[in-house]
Each structure stands twice: as structure tokens, then as C-alpha cells.
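Following: one structure in C-alpha cells, then a few remarks.
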Amino acid sequence: TQKKKVTQIRKMVNDRHIRSFVTLALTWVYMAAACDSFVIQPQSWDYKGHHIGYEEARRIHNGLPDDSDRDHTPILILNGFGVGSFHQHRVMPQLLTVENNMGEVGEEETDKKNSNNRVVYGVDYLGQGRSWPVDCDDGNSPNEKGLIYSADTWVDQIIQFIEDVILPNHQGKDGEPCKIHLVGNSVGGHLSVVLAARRPDLIDSICLLNATPVWGLNLPGWSGHLPPPSIPRIIGRYLFDRIRDLNTIEKYLENAYANREAFGQELCNQIRGCTEGKGGHAAFASILFSPPAAFPWKEKDFYSNLSKLECDVLLMFGANDPWCKPSFARRMYDSLRQRQNSNNAVHRYIELDNVGHCPNHEAPQAVGEALRRWTGTTQRHNADLTLVDGKEKVIKEPWGDIVMRELNDDEASMSFIDKLFTKFVG
């Protein structure tokens, strides 16, 4: 069987670099099986004179992109820090596949067209990936002057991207305005909450993949607007040159991932490649000194604003994350339980064992399966909607077995340690 052959190959291969190559090859086999034919198209867009890189993932029909997907609710994936939309290439095709099993929800309650063909977008934040001002010069060029690489800048960029790029190419149902599904990992999850708070008219649902509840150090001495003063410039340059070292990147990923074989040298090189331009040092300094995002309500903390969201929210957390631990997910879940629910907004929580900080990259099949069901129905308030088959489900990735399970209210309740830890850390 195929499973026995894979096991034999792993026993034969001991060299780490060869194993990385084998893992990459197996990953593409899994992706090809998940979606018979698809394309991820690099695109570009202008945001206030700045070049923004983004990608569209779509199914192919008769050798051409399937335009019928324009009729269905699109998904926008927001990256974690320091990467580009290349970090979503494993999960993107998973979200394009046909979902035949919607759990126990009746066929008449399922938006089957949405779960068959859709467009999935990924966009790079300004100052990350392929998105940079024109003619960067370490914060000194005319295009960089006055720019701040803050959460507010990124949220504004994403809102304009939705309005300028996504919505004109899609239509809502029955003449209603089109909305999107937001999926955010790490800081992308943080930005998803800010965006959903500011512009609920744009958002159908959000999915938070190990979202960080904190962003924006707001260090004293500088507002974060370019060009940086001497001391912030020196600090930014010193730290940036160290975190973008290939050995440092590899060590960081070894901590972020539960499975060392889930990433290889290619990812390290891609992350390093994002830092090779002339604007990285100033951008990193600006990020360090920039303030937190501004929420539309008087409460300033992440959890209070999460409790005011009007949209449906799915929490999906890797249980082995050394930073955004399940304690944070439980506090987020507790905040969502405090919503008034006047609009029947729902929330669910799935935990992934043997997964670290980046479920989108380390557990793409598990994330894809749950998200297809979550985004493929208009009846998320239906208690019979099954996101995980059985009490728990084992999904085999090339680098290890992922155990996914959904937690109910009692299982997701906060312990004393959870409350203490999240109070002082996040």
C-alpha cells in the first residue's frame, strides 16, 4: 500500500536535507490529491503608491481558471509576521476542493456552491513579503517618508484591498453586498479581529489560527513614522540583521513547529528573501516602535473587543504552540461566550494536537477540512453542523499524525492557571 511505501522510504532516508526534499515531494502529492487541478497566480496592486504583492488560488476547468468561482464567497488569508503568501500554499488548495461530507447538516441547509469552487486570496502586508514602497532607501526615500508600518496601516491596506480587488470581482447572493471569510494566523488573526470590528459590513466570518492577542510595542522615543531617528535606526538595524540570519530563522521555525520535518530549507530561504531589499531595516524599526491598533470601541484590549464582534468566529489552535498557547484560545472563547448574540453569531473552538504556531502550514489538511465545512454552509448557527467527525479525528500529514478535536463549553472553560497566565502575558 501507499502507506507502507512511505514508511519504507522514511526508514531509508537519514540525511536531514534529503528528508526535507522527500517531505516536500510528499506534500505536493497530498496537495494534488486534495484538489485535482488548481493554479496560484501572483498578482500586484497599488496601495497609496506602494507596490503590493498578492496571490489568487483558483480551480482550473478545461485548462483555464474557472470563472464560476466568482459567484461564491471568497476567502482571504492573512499571514503571520515575517512571511508572504507563499506560507499559505499548502492550505490554499485545500480550500478549493469539493466538500461532500458536511457532517449532519442537511443538504438543503448547505451552500453547496460555496464549498465546491471559490477563489482564495493571500496578500502581503506593506513592509513584508513582496509588498514594499517603490525605491526603498532605508526609510529615507520620498515614498517612505511619513510611512508607519503599524497594525493600523496594515488594517487600512487590507480594507482597501478587499474593496478594490476582491469585492469588484465577486457578487453577493440575491443582490446583497458580497462579504468575505477572513482566515488569520498569528498577527493575521489579530488583524482579522481589528478589521471585523471596524468593518463588519465586509466580513461573513473569521477564523483565528493561533492568533496573537497583542501587537504593537509602542516603544518610547519615536512614533514609528519614517525616517527613523538615530537610536531607533541603530536598534532596528542591529536586531533585524540578527533575526534574518538563516540559522536564526531555522531555530525560530524549530520552536514554532511541533514537527521539524514540516519545513525545510526552502521556507528558510523564502523568509530570508523577504528581507533582502533596501527597506527592511527601517521597516523593522518602525514595527518595533509603532503603537497597537485602534479599535472602534472605548475598550482598548483585544479580548473586550473580541466580545463585541458581530460575525461568526472559529478558533483553531495548534496545542503545541510555545507562544500563543491554548490558554489564549480559551480566553478568546470565554470572551466570545460573553457576546449578546442578538444577530445569532456563533463561535466554535478546534484544538490540533502535534501542531505548533502555524496550523495553516503544519496541518493544512485538518485546517482545510474544518474550514470547508465552516465556510461551506449558511447555517453555522445550526448545532448539528459537524466540523470534526467523532470525538477526535487523526489526519495524516507527511511529517506526522495530527489529532483534531472540537471542544465544548465545559472543555474550553478557563482554568485558574489559564486566567493567571493570560492576565500577565496577554
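Every test in (1) open to solvent by 20 Å² or more (accessible area, probe 1.4 Å); (2) within 19 Å of Tyr54 (Cα to Cα); (3) not in a helix (DSSP H, G or I) is passed by Gly184 save one, and that test is (1). Looking at this structure, is Phe317 crowded, with 19+ Cβ neighbours inside 10 Å and either assigned to a helix (DSSP H, G or I) or hydroxyl-bearing (Ser, Thr, Tyr) (or both)? No: the conditions fail for Phe317. Scanning the stretch 205-231 for residues that are among the hydroxyl-bearing types (Ser, Thr, Tyr) and within 27 Å of the chain's Cα centre (by Cα), we see that the one that is nearest to Thr378 (Cα to Cα) is Ser205.
Every test in (1) crowded, with 19+ Cβ neighbours inside 10 Å; (2) closer than 19 Å to Ala412 by Cα is passed by Asp389 save one, and that test is (1).
Per-residue answers, yes or no, for (1) at pLDDT 80 or above; (2) under 23 Å from Glu369 (Cβ atoms); (3) open to solvent by less than 10 Å² (accessible area, probe 1.4 Å); (4) not basic (Lys, Arg):
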site	(1), (2), (3), (4)
Gly53	yes, no, yes, yes
Asp69	no, yes, yes, yes
Ile75	yes, yes, yes, yes
Glu104	no, yes, no, yes
Lys113	no, yes, no, no
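Tell me yes or no: at least one residue of the stretch 157-171 is open to solvent by 20 Å² or more (accessible area, probe 1.4 Å), farther than 25 Å from Leu387 by Cβ and in a loop (DSSP other than H, G, I, E, B). Yes, that holds for at least one residue. As a summary of the residue check, Val183 satisfies the conditions (1) free of Cβ contacts under 8 Å to residues at least 12 places away in the same chain; (2) in contact with a Cys (Cβ under 7 Å, 6 or more places away or on another chain) except for the one numbered (1). The C-beta contact set for the stretch 206-226 (first residue under 18 Å from His87 (Cβ atoms), second residue charged (D, E, K, R) and modelled with pLDDT of 95 or more, distance under 8 angstrom, 6+ apart or interchain) comprises Asn210/Asp321. Taking interchain pairs and intrachain pairs at least six residues apart, which have beta carbon atoms under 6 angstrom, with the first residue in the stretch 83-103 and closer than 12 Å to Tyr121 by Cα and the second modelled with pLDDT under 95? Partner pairs satisfying both residue conditions: Pro93/Met31; Pro93/Ala34; Pro93/Cys35; Pro93/Phe38; Leu96/Cys35; Leu96/Phe38; Leu96/Arg59. In the stretch 410-426, the residues that are at pLDDT below 85 form Cβ pairs under 7 Å with partners that are open to solvent by 60 Å² or more (accessible area, probe 1.4 Å), at six or more places apart or across chains, as follows: Gly426/Val214.
The values are calculated or read from the model by the stated rules, or taken from the named source; none is laboratory data. Quick caveat: nothing in here was measured; it's all calculated off a predicted structure. Cβ atoms come from the backbone with ideal geometry, glycine included; neighbour counts cover every protein chain shown. Keep in mind that these areas ignore ligands, DNA and RNA; they rest on the heavy atoms of the full protein, side chains included. Shrake-Rupley method; radii C 1.70, N 1.55, O 1.52, S 1.80 Å.
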